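Just below is one structure, and these are the notes that go with it.
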Amino acid sequence: MAISMTTPTQSNALPRTPGAPPPMQMMEMLYGALATQLISVAAEYGIADLLCEGPRPVADLAAGSGTHPGALYRVLRALAGLGVFAEVAPGVFGLTPLAETLRGGVSGSMKEIAQDVGGRTRLLAYAELSHSLRTGQPAFDHAHGMGMWPYLRDHPDEVALFSRAMGNLASQAHSAAFAVHDLSDVRCLVDVGGGEGHLVAAVLPRYPDLRAIVFDEPHVTRGADRVLADAGLTGRVDIVGGNVFEAVPEGGDAYVLSSILFSYEDEDAGTILTNIRRVLTSNGRVLVLEPVLSTGNDPHPGKLLDVCQLALHRGGVRTETEWLALLDSAGFRLAEMKRMWPSSPTDLIVAVPA
C-alpha cells in the first residue's frame, strides 16, 4: 500500500511575514496547524466546487454546503488572509489559484489530500509525536492501539479517502517523473502498491502499446476498476491482489514503487526489493518515486515527510548513501537519480540488476 506524501499538520506553518521579529514569525508558524484545519474543512465541505462558476455570497455557499453562514464566513475570511479564496466584495468570496486546487476532479486537485492531512486519524497520531521522540516508535500505534495499515484495513471509509488522496498525488507529482523518464521500451509496467491505479491511469495514455499490472492488497484496489474505466484503460491493465512481502507479479519490464519504501525499515524494504529482483529480467528496471533526503538547512518536503514516517510508521526518508546500501543489499545498482523538487515532491531513482 502506498503511503501519503502528506506532512504533519504542525509543519504546515503559515508564511512568515518578512521583517517581522523572530517571536512573531514563530507565532505565525505555530498557527500552521490551524491553517491546515481551515483548508481541510473547506475541502471536506466542497466550498471550492461551489465557486467554480464565479464568486458567491456566503449565504449561498452555506446553503449549498450545509454549513453555518457566520462560521463559514469566519473560516473563509481567515483562508482569504492566507491567499486561499478571496473576499471580492463584503461577504462575497471567489477562487484564487490556491483555492482551485481544492476543487475535485480537476488537474492539480489536492482536495482529497487536504481532507486526508486534516483528518482526525492523522491528527491524533501527530498529537502524540512526543511519544515517538521519547521512544523512537510510531506515534500512530500509541494513539490508536495498532499500526496504520491494520487500522486502515478495519476502516473502509478511511481507506477510500486515503486511496483518493494517493490519486491526487499519483496523477500529478509522480506522473511528473515519467515526463522525464522514457517508457517506450517497456511492454508491461507493474505498479507495486498501486492502490486504485491512479498512477497507471496517468502514465498509460502516453504510451498506447504499454500494458500494466496494478498490485496491492485486495481491500486497497477495490476502486481500481472505476478509476481505470474512467481513464479508458479497461483491458490494458490487470488488477492483482496480494502481499508484497510474499511475492510480486511476474512479467514486468519495469516495476514502480511509488511512495512505498520510506514506510519501512531497511529489512522490510529490502524484502520488497528482493521479491522484485527475483522476478525481474536482467534488462528490467525498478523505478522508485520518493524524495531523496537532502543535507544542509534548505527546506525540502523530504525532511518533513521523514518526520511523518517517524509518527506513522517505522521507516524514514533515505539519503543517497542509504539508498545505495539498500539497493546493493537487494541485488540492484543505481542507474540514475533525478532530483525533481520543486516541480514535484518526489525524486526518481532508477535501479537495475547488479
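The values are calculated or read from the model by the stated rules, or taken from the named source; none is laboratory data. Quantities reported herein were computed from a predicted structural model and do not represent experimental measurements. Quick reminder, even Gly has a Cβ in these numbers, built from the backbone with ideal geometry, and neighbours come from all protein chains shown. Protein only, heavy atoms only, side chains kept; ligands, DNA and RNA dropped before computing areas. Shrake-Rupley method; radii C 1.70, N 1.55, O 1.52, S 1.80 Å.
Please tell me if GLY167 is open to solvent by 10 Å² or more (accessible area, probe 1.4 Å), in contact (Cβ under 8 Å) with a residue 60 or more places away in the chain, in a helix (DSSP H, G or I) and closer than 28 Å to ARG314 by Cβ.
No.
Would you check if there is a residue in region 235-244 being over 21 Å from LEU133 (Cα atoms), small (Gly, Ala, Ser) and outside any loop (DSSP other than H, G, I, E, B)?
yes
Does VAL240 satisfy the condition of being surrounded by fewer than 21 Cβ atoms within 10 Å (Cβ to Cβ) and at pLDDT 95 or above?
Numbers: surrounded by fewer than 21 Cβ atoms within 10 Å (Cβ to Cβ): yes; at pLDDT 95 or above: yes.
Judged against the criteria, VAL240 is a match.
Give me the residue from region 115-129 that is outside any loop (DSSP other than H, G, I, E, B) and in contact with a His (Cβ under 8 Å, 6 or more places away or on another chain) and, out of that set, least open to solvent (accessible area, probe 1.4 Å). Step through it out loud before you land on a result.
Taking region 115-129 and keeping what is outside any loop (DSSP other than H, G, I, E, B), we get 115-117, 120-127, 129.
Subset that is in contact with a His (Cβ under 8 Å, 6 or more places away or on another chain): 121, 124-125.
Details: THR121: 20, LEU124: 63, ALA125: 0 Å².
Ranking the candidates gives ALA125 first.
How many of the residues making up region 77-114 are aliphatic (A, V, I, L, M), open to solvent by less than 70 Å² (accessible area, probe 1.4 Å) and closer than 22 Å to ASN168 by Cβ?
Total satisfying the criteria: 9.
Take region 105-125 and flag every residue that is under 8 Å from ALA165 (Cβ atoms) and either of a type outside the set (A, V, I, L, M) or modelled with pLDDT of 95 or more (or both).
If the condition is that a residue be under 8 Å from ALA165 (Cβ atoms) and either of a type outside the set (A, V, I, L, M) or modelled with pLDDT of 95 or more (or both), then GLU112, GLN115, ASP116 are the ones that fit.
When THR281 is evaluated against the numbered criteria (1) open to solvent by 50 Å² or more (accessible area, probe 1.4 Å); (2) modelled with pLDDT of 95 or more, which criterion, by number, is the only one it fails?
The single condition THR281 does not satisfy is (2).
Among the residues of region 257-308, how many are farther than 15 Å from GLY331 by Cα and polar (S, T, N, Q)?
Number satisfying all stated conditions: 6.
Taking region 306-354 as the search range and keeping residues that are in a helix (DSSP H, G or I) and not hydrophobic (A, V, I, L, M, F, W, C), which one is nearest to VAL117 (Cα to Cα)?
Result: GLN309.
Residue by residue through region 244-257, note down the ones that are open to solvent by 10 Å² or more (accessible area, probe 1.4 Å) and under 21 Å from the mean Cα position of the chain (by Cα).
VAL244 - this is the single residue of region 244-257 that is open to solvent by 10 Å² or more (accessible area, probe 1.4 Å) and under 21 Å from the mean Cα position of the chain (by Cα).
What are the residue pairs meeting all of these: first residue in region 340-354, first residue farther than 17 Å from GLY252 by Cβ and among the small types (Gly, Ala, Ser), second residue at pLDDT 85 or above and in a strand (DSSP E or B), Cβ atoms under 7 Å, and 6 or more apart or on different chains?
ALA354/PHE332; ALA354/ARG333
Under 6 Å by Cβ, and 6 or more places apart or on different chains, what pairs join a residue from region 290-303 that is over 23 Å from LEU169 (Cα atoms) and open to solvent by less than 100 Å² (accessible area, probe 1.4 Å) with one that is part of a helix (DSSP H, G or I) and of a type in the set (A, V, I, L, M)?
If the second residue must be part of a helix (DSSP H, G or I) and of a type in the set (A, V, I, L, M), no pairs are left.
Quick one: how many residues across region 176-228 are in a helix (DSSP H, G or I), open to solvent by 10 Å² or more (accessible area, probe 1.4 Å) and closer than 26 Å to TRP341 by Cβ?
6
Among the residues that make up region 32-55, is at least one of them surrounded by fewer than 19 Cβ atoms within 10 Å (Cβ to Cβ), touching a Ser or Thr at 6+ places or on another chain (Cβ under 8 Å) and over 23 Å from ARG164 (Cβ atoms)?
yes
So, in region 130-161, how many residues would count as being part of a helix (DSSP H, G or I), open to solvent by 50 Å² or more (accessible area, probe 1.4 Å) and either under 25 Å from SER344 (Cβ atoms) or among the charged types (D, E, K, R) (or both)?
4
Filter region 316-354 for residues that are modelled with pLDDT under 95 and either small (Gly, Ala, Ser) or at positive phi (or both); which is surrounded by the most Cβ atoms within 10 Å (Cβ to Cβ)?
Across region 316-354, the extreme among qualifying residues is SER344.
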